[in-house]
Amino acid sequence: MDVLHAPWRIEYILAPKPVQDESLFRQIALSGDDEAHHVIARRKCCYALLNTFPYNGGHLMVVPYRQVPELNDLTEEESAELMRLTQECIAALKRCLKPDGFNVGINLGKCAGAGIVEHLHLHVVPRWNGDTNFMPVLGQTSVLPQALTEIAAQLRAALSAPS
């Protein structure tokens, strides 16, 4: 049997999970170090950042600044901006990475796969024809051809440029 390694995942799996009042997303929202956290865009109500433990290259999340667990807890302004920023991120990903499609979704609740249950966030995962190969299927290993810092810089530039 061959052994395939994805060492970047174990850091997340074994890391202590925060047991404080503020979620990791709230801490990042309040941080001024966007490069360290791979934040690619900030708007009035929401921000976008690359997932540090991505399922695919360019996997990002759009997060409201306010920590709420449910969609119905968002204000109309927050809901509208969550969608607008998601649309902007998809357009930027199309320009920068040229994916063939996307998975876009929100995991609400632990049993639905939410890793940070207390702070809803929307996932955008770029997909390419043929990107599901033996590595993720049999080896449970993703192959990311580009560093997060490089992708973040490209997307930051695309999201700050006038449309």
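Taken together, the values in this text are just the output of simple stated rules run on the coordinates, not laboratory data. Computed from a predicted model, the values in this text were never measured in an experiment. Note that each Cβ is placed from the backbone with ideal geometry, even for glycine, and that neighbours are counted across all protein chains shown.
Could you work out, for the stretch 23-160, what percent of all Cα-Cα pairs fall into each 5 Å distance bin, beginning at 0 Å and stopping at the bin that holds the largest distance?
Taking every Cα pair in the stretch 23-160, the percentages come to 2, 10, 20, 23, 21, 14, 7, 2, 0.
With the cut-off at 21 Å, report for the stretch 17-95 the share of all Cα pairs above it, as a whole percent.
For the stretch 17-95, the fraction of Cα-Cα distances above 21 Å is 28 percent.
Between Ala114 and Ala36, what FRET efficiency comes out of the Förster formula 1/(1 + (r/R0)^6) with R0 = 25 Å and r the beta carbon distance, rounded to 0.05?
The calculated FRET efficiency here is 0.55.
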